[in-house]
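The values are calculated or read from the model by the stated rules, or taken from the named source; none is laboratory data. Keep in mind the model is a prediction, meaning the values are calculated, not measured. Don't worry about glycine lacking a Cβ; one is built from the backbone with ideal geometry, like all the others, and counts go over all protein chains shown.
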Amino acid sequence: MTLILDSINWPADLKELKYAQLDQLAAEIRHLIIDTVHRNGGHLASSLGTVEFTIALHRVFSSPRDKLVWDVGHQSYTHKILTGRKNKFNTLRKLGGLSGFTDPNESPHDSFISGHAGNSLSAAFGMAMARELSADYYNVAAIIGDGSLSEGMALETLNHAGHSNARFIVIMNDNAMSISASIGAVANSLNRLRFSQRLRRLRKEAEKIAAKLVSGVKTQHIARRIITSVKGLMLPTVMWEELGFSYLGPVNGHNIEELEKALIKARDYQDGPVFLHIKTRKGMGYKLAEDDPVGFHGVSAPKVKGNVPTYTRVFADTTVKLMNDDPKVVAITAAMMDGTGLNLVAKSHPQRVFDVGICEQHGTTMAAGLAIRGYKPIVAMYSTFLQRAYDQIVHDVCLQNLPVVFAVDRGGIVGEDGKTHQGILDLSYLSNIPNLIVCAPSDENELQHLLYTATGAGCPFAIRYPRGHGTGVALDKELKVLPIGKGELLTEGDDVAIIAVGSTVQSSLEAAELLLKDGLNCAVVNARYIKPLDHELILKVASTSKLVVTIEENVLTGGFGSSVSALLHDNDVNVKMMRIGLPDQFIEHGTQNQLRDKYNLTPAKIAQQIKSAVS
């Protein structure tokens, strides 16, 4: 059977198709996305919801001359398929293959890199300003989800762009809110009026006449207040219009013909910025994803999991225990309820778990407010998302030495989500902040004890743990305090001192076993705390070894190894030292095992490097 998709390689190929053919094309694209994501993993429900919209988008706009900026990029799979990457789509999220997000290095049709929510409007508005300054002519459209509009940068851009009067298009993909048919009909009627050239001319003429009257200004002011009040009663448009945008919508995001008409109006509108509101359904066309859009938001590639719990699950279970025992413990996340495990905590303590939306900065300072009033907030965020709240960590939490616990999930290599999500910077960006304790558990049992320690420490505390399953170690039933700034000597040896932190501890133990076969006796230290370091233990093992090796799943620049090196230097310990970690670069996508092998963090690669250094 010949597929319509077989003849579609570039956006221009869409122009000649009939609407019936476009509907068939949408079904074929969905089949390709579903098949690929189930094999490779990826963001399924969000991409299925934007198939028709993306087809219409590329029929109306001329990419790459017109700049289409996708927010997050997890809804851009159809965009990739239609812009020359169809034959490589089977490599999605694989090492050396297509990224799961947009990236200009991958295609000129990707106008801006994405992976974190809320940056699309700022980037797209900057492109629109560049066009104005260069006296060029092309269209700029930012595609953003309704959830991402809560992000601070998005609201800041709306505030700026709305009063610039520049040609700029914001397209909101609304897949959460429900608007009734009657309101939709009124909206469509007002849109026909609002985008009418005749009405705009009449309005301008009326304002000129009113301005000539003695009470013209007052008359205009009263008239506008009345119009705004009436519209505000009928429609959810008043916010956008008050910000200076002309509102168009809502539009059925699964009707290509209706979408095209709306996109053409937005594209051709010359009198300032436009806010186009489209409504889609996450998981559209795939019943399992439609019924469970949250569960099918991100799909993992098939893996053998066994009965070993994930670090995230251990965090959630421990948090429930802490809340059961202490009414002052609360938890905050930023649109990562399921990802951080706080959805499980909320089942037991719904009033003490807060999801602030995609607002990491607000969530962090809110935690500071809770802490200053005697509560013990746990802020659970992914490593690469927490970095967006850096100033709030410094200024609002640590400067005041407030007892906020940062549960830094997805620390280290996360795998297929790639360079926008690899948590490889946190040990560096956290360990230079005064008052902040920074630690990393070597296994899931240590995670629960460190979380217990942190909530009782009375100071800012960051616990960094990896994505995925634990080591399989047994979990203690009773929680205990792990003394701050104290590590653990796991094995003794006087040839090499391996000082590891977090997920690299287990790999270091296995590397030490391999080296023992070659006649090298290795002391292995679980540092546990990155800040403060265990000075006594580290200086002791360093002074009795021929080589000191630090191992971390973090960039070497400013990381754990740098802190150990400074400690040895400051105490005049003259010993050869080697730091093993990640290079000063962003890490691409691939499985965690593939990337650890590539960047020399597997037991065999660690042993090989140490053996070479000794010889």
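With the requirement that a residue be assigned to a loop (DSSP other than H, G, I, E, B), polar (S, T, N, Q) and at pLDDT 90 or above, what does region 232-260 give you? Steps first, please.
Step one: list which residues in region 232-260 are assigned to a loop (DSSP other than H, G, I, E, B), which gives 235-237, 243-245, 253-255.
Subsequent filtering for residues that are polar (S, T, N, Q) retains 237, 255.
Within region 232-260, 255 is the sole residue that qualifies.
Got at least one residue in region 33-41 being hydroxyl-bearing (Ser, Thr, Tyr), crowded, with 20+ Cβ neighbours inside 10 Å and either more than 22 Å from residue 124 (Cβ to Cβ) or outside the structural domain of residue 131 (by TED's automatic domain parsing) (or both)?
Residues of region 33-41 hydroxyl-bearing (Ser, Thr, Tyr): 36.
Restricting the remaining residues to those that are crowded, with 20+ Cβ neighbours inside 10 Å gives 36.
In the following step, the residues that additionally are either more than 22 Å from residue 124 (Cβ to Cβ) or outside the structural domain of residue 131 (by TED's automatic domain parsing) (or both) were identified as 36.
The answer is yes; a qualifying residue exists.
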Exercise. Of all residues in region 146-165, how many are assigned to a helix (DSSP H, G or I), of a type in the set (Ser, Thr, Tyr) and surrounded by fewer than 19 Cβ atoms within 10 Å (Cβ to Cβ)?
Worked result: 1
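Hey, among 480, 517, which residue is at pLDDT below 95 and out of contact with any Leu (no Cβ under 8 Å at 6 or more places or on another chain)? Break it down into steps so the answer makes sense when it comes.
Numbers: 480 fails: at pLDDT below 95.
Sole residue among the options that is at pLDDT below 95 and out of contact with any Leu (no Cβ under 8 Å at 6 or more places or on another chain): 517.
Of all the residues that make up region 544-578, how many are touching an Asp or Glu at 6+ places or on another chain (Cβ under 8 Å), closer than 24 Å to residue 515 by Cα and not in a helix (DSSP H, G or I)? Quick ask: steps written out before the conclusion?
First, the residues of region 544-578 that are touching an Asp or Glu at 6+ places or on another chain (Cβ under 8 Å): 544-547, 554-557, 559-561.
Now narrow it down to the ones that are closer than 24 Å to residue 515 by Cα: 544-547, 554, 556, 560-561.
Subset that is not in a helix (DSSP H, G or I): 544-547, 554, 556.
Looking only at that region, the number is 6.
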Exercise. Of all residues in region 334-352, which are closer than 21 Å to residue 374 by Cβ and touching a Ser or Thr at 6+ places or on another chain (Cβ under 7 Å)?
Worked result: 345
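I need the full set of residues from region 491-512 which are in a strand (DSSP E or B) and surrounded by fewer than 18 Cβ atoms within 10 Å (Cβ to Cβ), in order please.
Taking region 491-512 first, the residues in a strand (DSSP E or B) are 491, 496-500.
Scanning region 491-512 gives a single hit, 491.
From the set of residues in region 355-412 that are among the acidic types (Asp, Glu) and in contact (Cβ under 8 Å) with a residue 24 or more places away in the chain, which is surrounded by the fewest Cβ atoms within 10 Å (Cβ to Cβ)?
Here is the first cut: in region 355-412, the residues among the acidic types (Asp, Glu) are 355, 360, 391, 396, 409.
Of the ones still in play, those that are also in contact (Cβ under 8 Å) with a residue 24 or more places away in the chain are 360, 391, 396, 409.
On the way: 360: 30, 391: 11, 396: 21, 409: 27.
Looking at the filtered set, the residue picked out is 391.
Restricting attention to region 51-72, which residues are farther than 20 Å from residue 90 by Cβ, of a type outside the set (Asp, Glu), in contact with a His (Cβ under 9 Å, 6 or more places away or on another chain) and in contact (Cβ under 8 Å) with a residue 60 or more places away in the chain?
Taking region 51-72 and keeping what is farther than 20 Å from residue 90 by Cβ, we get 52-53, 55-72.
When the remaining residues are screened for being of a type outside the set (Asp, Glu), the result is 53, 55-65, 67-70, 72.
Imposing the further condition that a residue be in contact with a His (Cβ under 9 Å, 6 or more places away or on another chain) reduces the set to 53, 57-58, 63-64, 68, 70, 72.
Answer for region 51-72, where residues must be farther than 20 Å from residue 90 by Cβ, of a type outside the set (Asp, Glu), in contact with a His (Cβ under 9 Å, 6 or more places away or on another chain) and in contact (Cβ under 8 Å) with a residue 60 or more places away in the chain: 53, 57, 68, 70, 72.
For residue 444, indicate whether it is crowded, with 20+ Cβ neighbours inside 10 Å, over 18 Å from residue 554 (Cβ atoms), acidic (Asp, Glu) and at pLDDT 95 or above.
Judged against the criteria, residue 444 is a match.
Quick check on my filter: what residues within region 24-40 are touching a helix residue (DSSP H, G or I) at 6+ places or on another chain (Cβ under 7 Å) and in contact (Cβ under 8 Å) with a residue 24 or more places away in the chain?
As a first pass, look at region 24-40 and keep what is touching a helix residue (DSSP H, G or I) at 6+ places or on another chain (Cβ under 7 Å): 24-26, 28-30, 32-33, 36.
25, 26, 28, 29, 30, 32, 33, 36 - these are the residues of region 24-40 that are touching a helix residue (DSSP H, G or I) at 6+ places or on another chain (Cβ under 7 Å) and in contact (Cβ under 8 Å) with a residue 24 or more places away in the chain.
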For this session: Just give me the residues in region 241-258 being buried (at least 17 other Cβ atoms within 10 Å of the Cβ), of a type outside the set (A, V, I, L, M) and within 16 Å of residue 272 (Cβ to Cβ), in sequence order.
Result: 241, 244, 245, 246, 247
Seminar exercise, completed: Among the residues of region 439-483, the number that are among the polar types (S, T, N, Q) and outside the structural domain of residue 382 (by TED's automatic domain parsing) is 1
For this session: Find all pairs meeting these conditions: Cβ atoms under 8 angstrom apart; at least six residues apart or on different chains; first residue within region 513-529 and in a loop (DSSP other than H, G, I, E, B); second residue among the acidic types (Asp, Glu).
Result: 520/495; 521/492; 521/494; 521/495; 527/534; 528/446; 528/488; 528/534
For this session: Could you tell me whether any residue of region 118-137 is within 30 Å of residue 361 (Cα to Cα), touching a helix residue (DSSP H, G or I) at 6+ places or on another chain (Cβ under 6 Å) and touching a residue at least 60 places away in the same chain (Cβ under 8 Å)?
Result: yes
Problem set entry | Identity of the residue in region 1-47, of a type in the set (Lys, Arg) and not in a helix (DSSP H, G or I), that ends up modelled with the highest pLDDT | 18
Problem set entry | Out of 612, 563, sole residue that is hydroxyl-bearing (Ser, Thr, Tyr) and either without any contact (Cβ under 8 Å) to a residue 24 or more places away in the chain or closer than 13 Å to residue 507 by Cβ (or both) | 612
For this session: Scan region 533-556 for residues that are loosely packed, with under 15 Cβ neighbours inside 10 Å and more than 14 Å from residue 576 (Cα to Cα) and jot them down.
Result: 535, 536
Seminar exercise, completed: Filtering region 567-593 for residues that are surrounded by fewer than 18 Cβ atoms within 10 Å (Cβ to Cβ) and either polar (S, T, N, Q) or within 27 Å of the chain's Cα centre (by Cα) (or both) leaves a count of 9
